[in-house]
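The values are calculated or read from the model by the stated rules, or taken from the named source; none is laboratory data. Every value quoted in this text rests on a predicted model; they were computed, and no experiment measured them. Every residue, glycine as well, gets a Cβ built from its backbone with ideal geometry; the counts of neighbours run over all protein chains shown. Accessible surface areas use protein heavy atoms only, side chains included; no ligands, DNA or RNA. Shrake-Rupley method; radii C 1.70, N 1.55, O 1.52, S 1.80 Å.
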Amino acid sequence: MTTGPSPRVLPADRGIAEAASVLRTGGLVAFPTETVYGLGANALDARAAARIFEAKARPSFDPLITHLADATELEKLVGAVPAAVAALAERFWPGPLTLIVDRPAAIPPIVTSGLATMAVRVPDNAYARALIAEAGVPVAAPSANRFGQLSPTRAEHVVRGLGAAVDVVLDGGPTRCGIESTIVDARGGQPVVLRLGALPVEALEEAAGPVTVRPGSSGRPVAPGTLAAHYAPRTPLRLVSGGEPPAADGVRRGFLAFRDRPAGDWAVVEVLSADGDLTEAAARLFDALHELDATGVGEILVEPVPEVGVGRAINDRLRRAAATWHPAG
Ligand code: TXA
Ligand code: MG
């Protein structure tokens with residue numbers, strides 16, 4: 001997995017000042033947010049941002065999310081924003097909601113992959129916000145994994161996936177939500193969801209009325225978290241409806257279940273939430289996939305979760321992870 005030497009791992013409660021200074025001097029810092037770990041760089045520094053694309057082997061057409069320490073920083077960075085955008089920021093920040101705004105001149109085009117718009121959020125994680133505040137700059141950060149692979153929910157996942165391509169990993173323990181933020185474009189008034197995520201559509205609707213859900217609807221990837229094949233483990237992954245016992249063909253198979261252990265002789269089983277709690281399931285999703293991936297099974301079977309609340313975002317990730325699977329022969 002890791003190809004080179006290891007990055008410096010600092011405990012989040014003692015490493016903020018050092019990590020902030022690495023950010024200020026153009027380095028890469030992986031840090032915890034409430035969703036997943038981010039791979040951060042100074043968003044005002046084009047060369048630092050370029051290092052993110054290199055470290056992740058991320059295509060240059062895939063824009064980054066800019067992270068702020070505090071909602072009051074938004075206006076300072078981009079000026080006035082449309083009323084519907086301001087209302088959502090007011091209601092949900094800090095939190096797992098990314099909003100689309102016009103890119104300000106201070107942010108170099110590489111951060112937004114040349115788009116005239118910028119994705120921005122205030123993470124609901126005390127270490128993340130302290131880091132950004134201490135750095136004194138907005139922080140561009142995609143999820144801290146190599147492009148197309150599983151998002152990291154623990155510092156170990158970052159170390160394993162990126163190795164010394166990152167300068168410092170701030171270890172703040174496992175992330176609370178476990179899946180990425182919901183991305184919303186509300187510039188036109190009615191919110192349009194560009195990526196399903198940790199903030200459920202129902203919560204947006206309650207705050208802002210009807211919303212449109214349009215992940216990955218266009219040919220050009222507006223939000224590549226919406227590319228058909230994404231969030232994939234190395235092991236082939238297949239979605240099943242449940243109940244099906246493993247085929248007796250000598251292949252060791254793992255099963256990722258929502259709440260009930262499946263019948264049959266599986267090499268390994270991970271249960272997302274024995275209580276059937278979708279929030280817990282989301283928090284465990286990538287962790288469970290990382291674990292199954294590490295067991296060396298030949299195939300991972302997974303059943304979808306109920307299509308409500310954050311369950312929609314979980315199923316969205318599962319479908320994209322399964323999209324890389326091709327039957328042998
Ligand atoms: O929870 C999260 O959002 C995590 C943490 C670290 O904050 N970040 C994250 O970043 O998931 P990343 O790079 O894995 O996904 C960012 C998504 C990409 O799919 C990107 O295309 C989309 O945000 N995005 C960025 N700027 C955009 C823009 N101007 N318009 C539409 N989509 C944009
Ligand atoms: Mg990502």
Exercise. Tell me, what is the FRET efficiency for residue 47 and residue 308 to the nearest 0.05, using R0 = 41 angstrom and their Cβ-Cβ distance as r?
Worked result: 0.40
Problem set entry | Simple label model, 7 Å out from Cα along Cβ direction - residue 18 to residue 133, nm | 2.2
Seminar exercise, completed: Residues whose modelled amide H sits under 5 Å from the amide H of residue 232, counting only those 5 or more places away in sequence or on another chain, are 149, 150
Seminar exercise, completed: Checked the stretch 230-314 against the a/c 1.5 cut and the a/b vs b/c comparison, axes a ≥ b ≥ c from its Cα gyration tensor; verdict prolate
For this session: Over the chain, average the accessible area per residue using a 1.4 Å probe and give it in Å², no decimals.
Result: 41
For this session: Please report, as a whole percent, how much of the solvent-accessible surface of the stretch 1-148 comes from carbon and sulfur atoms (probe radius 1.4 Å).
Result: 52
Problem set entry | Extended-chain gain in nm, criterion 0.36 nm per residue less alpha-carbon gap, residue 251 and residue 323 | 23.9 nm
For this session: Measure out, as a whole number of angstrom, how far apart the alpha-carbon centroids of the stretch 175-201 and the stretch 261-329 sit.
Result: 21
Exercise. Non-local amide H neighbours of residue 299 (under 5 Å, H modeled in plane, Pro and chain starts lacking H): which ones?
Worked result: 254
For this session: Ignoring everything but the protein chains, give the 1.4 Å probe accessible area of residue 157 in square angstrom, nearest 10.
Result: 10
Exercise. About its Cα centre, what dipole magnitude does the stretch 1-149 give when the only charges are +1 on Lys and Arg Cβ and -1 on Asp and Glu Cβ, stated in debye to the nearest 20?
Worked result: 400
Exercise. What FRET efficiency would be calculated for the residue pair residue 91, residue 115, taking the C-beta separation as r and a Förster radius of 25 Å, to the nearest 0.05?
Worked result: 0.50
For this session: Determine the equivalent ellipsoid of the chain by diagonalising the alpha-carbon gyration tensor, then write out the semi-axes as square roots of 5 times the eigenvalues, largest first, rounded to whole Å.
Result: 32, 23, 17
Problem set entry | the chain: angle of helix 311-322 to the longest principal axis, Cα-based, in degrees nearest 10 | 70
Exercise. Taking H as built 1.01 Å from N, whose amide H comes closer than 5 Å to the amide H of residue 10, not counting residues under 5 places away?
Worked result: 169, 170, 171
Problem set entry | Inter-probe distance in nm under a simple model that places probes 7 Å from Cα toward Cβ, at residue 105 and residue 164 | 4.2
For this session: With θ set to phi - 60°, apply the Karplus curve 6.51 cos²θ - 1.76 cosθ + 1.60 along the stretch 45-53 and write out the HN-Hα couplings as whole Hz, x wherever there is a Gly or Pro.
Result: 10, 4, 5, 5, 5, 4, 5, 4, 4
Exercise. Which value results when the Cα radius of gyration for the stretch 10-99 is divided by 2.2 N^0.38 Å?
Worked result: 1.18
Problem set entry | For the stretch 239-245, Karplus couplings with θ = phi - 60° (6.51, -1.76, 1.60), whole Hz, Gly/Pro x | 7, 10, 8, x, x, 6, x
Exercise. Karplus couplings for the stretch 197-210 from phi (6.51 cos²θ - 1.76 cosθ + 1.60, θ = phi - 60°), rounded to Hz, Gly and Pro as x?
Worked result: x, 5, 8, x, 4, 4, 5, 5, 5, 5, 7, 10, x, x
